[in-house]
Amino acid sequence: MQHDFQFSAPLAFADIERLTSALCTLPGVRGIDLEPGGREMHVEFDEDATSTQDITAALLGAGYGEARKEKSGGCCGGCCGG
């Protein structure tokens, strides 16, 4: 399974290191895609081993409470104000 998360501010190298460290401790996380300066994170995981709730809890524990899962269809409304 895979999910995309969005952040309210661009990610710095330190943010990426902190997020990667927090999520790599979760069982079943297979991949994390982040870019410096980006506001999105793509996570691939085994849904039998972890869940989006577990990932969100790890993000909260790392200090990223503003991260949110993208809406269905992948639209956050940011480009068109919708």
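Checking each residue in the stretch 33-48 for being touching an Asp or Glu at 6+ places or on another chain (Cβ under 7 Å) and touching a residue at least 40 places away in the same chain (Cβ under 8 Å) picks out only His42. Taken over the stretch 19-40, the criterion of being in a strand (DSSP E or B), under 11 Å from the mean Cα position of the chain (by Cα) and buried (at least 16 other Cβ atoms within 10 Å of the Cβ) is satisfied by Ile32, Leu34, Glu40. Contact map, the stretch 15-32: first residue at positive phi, second residue part of a strand (DSSP E or B) and hydrophobic (A, V, I, L, M, F, W, C), Cβ cut-off under 8 Å, separation 6 or more or different chains; pairs are Gly28/Phe45.
For the stretch 42-59: of the residues being of a type in the set (S, T, N, Q) and outside any loop (DSSP other than H, G, I, E, B), which is farthest from Phe5 (Cα to Cα)?
From the stretch 42-59, those of a type in the set (S, T, N, Q) are 50-53, 56; that's our starting set.
Pick out the ones that are also outside any loop (DSSP other than H, G, I, E, B) and you get 52-53, 56.
On the way: Thr52: 10, Gln53: 12, Thr56: 9 Å.
Filtering first and then ranking leaves Gln53.
Residues in the stretch 60-78 that are modelled with pLDDT under 70 and assigned to a helix (DSSP H, G or I): Ser72, Gly73, Gly74. Take the conditions (1) loosely packed, with under 15 Cβ neighbours inside 10 Å; (2) touching a residue at least 60 places away in the same chain (Cβ under 8 Å); His3 misses just one of them, which is (1).
The values are calculated or read from the model by the stated rules, or taken from the named source; none is laboratory data. For clarity, every value in this text was computed on a predicted model and none was experimentally measured. No Cβ is skipped: glycine too gets one built from the backbone with ideal geometry, and neighbour counts run over all protein chains shown.
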